[in-house]
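Contents: one structure, followed by commentary.
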Amino acid sequence: MAQFEGFVADPTLTAPAARPPAHNRTWLSAYFGTPGNALITIVCLGTIFGLAKLAIGWLFVDAIFAGTPAECKASSGACWPFLSAKLRYIFFGFYPFDEQWRPLTAMLLFLGACGVSMVPRTWGRALAVAWIVVILPTLYTLMAGGMFGLTPVPTTQWGGLPLSFMLSFVGLACALPLGIALALARASSLPAIRVLGVGFIEIVRGVPLISILFMATVMLPLFMPDGITIDKLLRAQVAIILFAAAYIAEIVRGGLQAVPKGQIEAGHSLGLHYWQIMSKIVLPQALKKVIPPLVGLFIGFFQDTTLVTIVGLLDFLDTVRTAMRDPQWQGIAVLEGYVFAAVVYFFFSALMGAYSRFLEQYFRTTHD
């Protein structure tokens, strides 16, 4: 402290005014604190108000809620009678009309089982066994029939929302363990296993999903022996599983790299072998770190099931498009169908996003 002896502060100098903490600022100062912020806020509010006024007018004020196609054509608002007339086809496609209670029951059972599975206290081996032994066979039996007095319905007549749920859920449920295995293979110290993992991941990620679906539908039957055919739905499902697994593998590999090497060394010091270290120490930490990108991938694949139309399967969006081609409604209810499809996709995508945030809080992965 000797170098500061005899130092006298200049009385003319004043300390800078302390800036109030960010949490003490009001929302008014955040949006209108400066002329620039005020101008941007006013422009945005005006734009939102104008768009909301147009949307409310088209959706509700000028809309037709009951009437004929001719009345809808003369109206300047939305034509909601189109949805009431085509709703069953949009949801279930070409599934036999008198048997549509079966896909409806299957869809409600599936959503209910998913809701129960989202509760952490239900997690465990019993839940996995229930899905494999009870829920999935029941859903397939309801959709396919052929037993318990149910009329057989071929997969070529499946469509709509149940088909989108099945392709996305079964595809991602099967792709997740395969993707984890591929991530471990790519991170393996064994050259042969690492080369196989890298080769599969890079080859599959190097081509679009639509080309894999096309090859599974058109090219695969050419390599099959005479008299042996594979169901078209099964081919599309396997293609989605393989494609999703390659992307999941890279996400999980990023999580594996985020786990400190000291965790692995600590496992070795406790005498644990490789699979014990991975299953009990590394993978739980890695999967917690990659919850947001995994859920983002799941949302993307739920929406990408619309590509199965190239193989002749009618998913939810394609049933909407087909319903709009009805000569009775053609050119009248175009925007209404897409708005309805967008609302349905947004609802389930937002639900998955909200559950992702719940998982982050449950596992305490945030650092706020």
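The values are calculated or read from the model by the stated rules, or taken from the named source; none is laboratory data. Fair warning: this is a prediction, and the values are worked out from it, not measured in the lab. Here Cβ is always computed from backbone atoms with ideal geometry, including for glycine, and neighbour counts include all displayed protein chains. With ligands, DNA and RNA removed, areas are computed over all heavy atoms of the protein, side chains included. Shrake-Rupley method; radii C 1.70, N 1.55, O 1.52, S 1.80 Å.
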For the range 72-117, enumerate the residues that are open to solvent by 20 Å² or more (accessible area, probe 1.4 Å), over 27 Å from GLY146 (Cβ atoms), assigned to a helix (DSSP H, G or I) and among the hydrophobic types (A, V, I, L, M, F, W, C). ALA74, LEU83, ALA85, LEU87, VAL116
Please work out if VAL133 is out of contact with any helix residue (DSSP H, G or I) (no Cβ under 8 Å at 6 or more places or on another chain), farther than 30 Å from GLN330 by Cβ and open to solvent by 20 Å² or more (accessible area, probe 1.4 Å). yes
Test for ILE230: is it open to solvent by less than 60 Å² (accessible area, probe 1.4 Å) and in a helix (DSSP H, G or I): no
Qualifying residues in the range 329-364 (those that are of a type in the set (Ser, Thr, Tyr) and under 14 Å from the mean Cα position of the chain (by Cα)) - the one nearest to GLY77 (Cα to Cα): TYR345
Per the filter on the range 45-59, residues open to solvent by less than 70 Å² (accessible area, probe 1.4 Å) and without any contact (Cβ under 8 Å) to a residue 12 or more places away in the chain are GLY46, GLY50, ALA52, ALA55
If a residue has to be open to solvent by less than 50 Å² (accessible area, probe 1.4 Å) and not hydroxyl-bearing (Ser, Thr, Tyr) to count, how many in the range 346-362 make the cut? 6
At least 1 residues that are in contact with a helix residue (DSSP H, G or I) (Cβ under 8 Å, 6 or more places away or on another chain) and more than 20 Å from PHE169 (Cβ to Cβ) in each: list the helices (runs of 4 or more DSSP H) lying fully within the range 278-368 that qualify. 283-289, 316-324, 335-362
What are the pairs, 6+ residues apart or on separate chains, where a residue within the range 265-283 that is more than 16 Å from PRO177 (Cα to Cα) has its Cβ under 7 Å from a residue that is of a type in the set (A, V, I, L, M) and at pLDDT below 90? ILE277/ILE264
